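The structure under discussion appears below in the form of C-alpha cells.
Every read-out reported here was derived from the displayed coordinates using simple, explicitly stated rules and does not represent laboratory data. In this text the structure is predicted, and so the values were computed from the model without any measurement. Cβ: placed from backbone, ideal geometry, glycine included. Neighbour counts: every protein chain shown.
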Amino acid sequence: MTHNPMPYRTAPQRTAPSDPATVPTEDPVEDTARTSRTGQRRTPGATTHHAAVDTRPHILVVHRWRDEHALYENYIDHTTHRVTYVTTELGWSSLPPAAAGVVEVTATDDFDQVGAAAATLTALFGAPDRVVALNEGDLDTAAALRARLGLPGQSPQDLARFRDKLVMCETVGAAGVRTPAFADAPDAAAVRAFADTHGWPVIVKPRRGTAGRGVLRIDSPAGLSALDELPGEERLVQEFCADRIYHIDGLWSGSHLGPWRASRYVNSCADFTTGAVLGSAEEDDPQLAGRTG
C-alpha cells in the first residue's frame, strides 16, 4: 500500500480536494487534475486512488520558517503518521515533500486564521491527535488550539512561564533569583508610577514579545507619549540595567538539568532592531560560568 504525499495545496478561502484523508490502494486511477495553491486546476496527469480508511494518527504542525530551522521529517515519521501543516507563503519552501496536506494563512500567530485552517484539515483528515509548533511566535497559537481541541501537550497556563515576561519575572523572583524591579504596565500612568518609585530610565516591553520587538527605553516623563503610538498589547515595565547581557541554553528533563552553556551577547536584541550586528559567544571564564550554572 502506497501513500501519495502532498495531495493538495490550498490558500486561504480555497477549496481542497474532497478525500485526501485516505490511504491509496495498489489500483491508481487517472485523474484530470489536482487543486493548486491558487485554486486553479492543474494539467492532466495527476493520479488519485481508490480510497481505503486511513487510521494513522494525524499530527498538525504550525510552521512559519522559510529556512531549514526545523527538520520535521527527522522528528516525525511521515509514513506512519498523517502530518499536515498550517503555514505562510514564506513557509512553503521549507515544507517536507511528504506532508499529507497544507493550508496557507497570512500569519501563524493569528489564532482565528490558524483555527479556521485547523478546521479545514480536520474535515479532510479527521481530528488531530497532536498539535506541534516550534517557533516561539507560534507557541501561544498552538497552546490555544490544543485547549480548543482538548489535546494533550503544553496548555496556555503551562506556557505562560515561558512566554509571558511578567509571569517569568514572578517565577524567577519567587525562586530567589535577583531580578531588576518589574511591574505590569497596562498604561502610561502605571509606567509613571513605577518610575516615581524606581527612577528613570525604565524599559517597557511586550509581555509576549520576541527579538527586541517593541522594546522602549523611556528616560523621562516626556517620553511616555511614545506609548500612545504602540499597538494594543500587554506590557511589562522594568528598571533599566546597564550590565552585560547573558543567555543560558540547556536541556531540562523535568527533574534535572542536562547539558547547558552560558553565552554573552555581542550587542543586544534592541541594538539589532536599529541595524547593529547581533551575536553571542560562549563564556569561557570558569568562575563566571560556574556562577551562572
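Computed from the C-beta positions of T122 and Q287 and an R0 of 45 Å, the FRET efficiency is 0.25 to the nearest 0.05. The slack in the chain from S155 to D112, taken as 0.36 nm per residue of separation less the alpha-carbon distance, amounts to 13.7 nm. Sequentially through the stretch 119-128, phi angles give Karplus couplings (6.51, -1.76, 1.60; θ = phi - 60°) of 5, 4, 5, 5, 5, 8, 10, x, 4, x Hz, Gly and Pro residues having no value and appearing as x.
Among 149-158, 126-135, sorting by the average number of other beta carbon atoms lying within 10 angstrom of each residue, highest first, gives 126-135, 149-158. Counting 0.36 nm for each residue step from D228 to H247 and taking away their Cα separation leaves a gain of 3.7 nm. In terms of packing, defined here as the mean over residues of other Cβ atoms within 10 angstrom, the peptides 78-88, 172-182 line up highest first as 78-88, 172-182. Its Cα gyration tensor gives the stretch 246-292 an equivalent ellipsoid, and the semi-axes of that ellipsoid, as √(5λ) in whole Å with the largest first, are 25, 14, 7.
Each peptide in 245-257, 187-199 gets a packing score, the mean of other Cβ atoms within 10 Å over its residues, and the list from highest to lowest is 187-199, 245-257.
Would you mind counting up the charge near P186? Only other residues with Cβ under 11 Å from its Cβ, with Lys and Arg at +1 and Asp and Glu at -1. So the surrounding residues net to -2.
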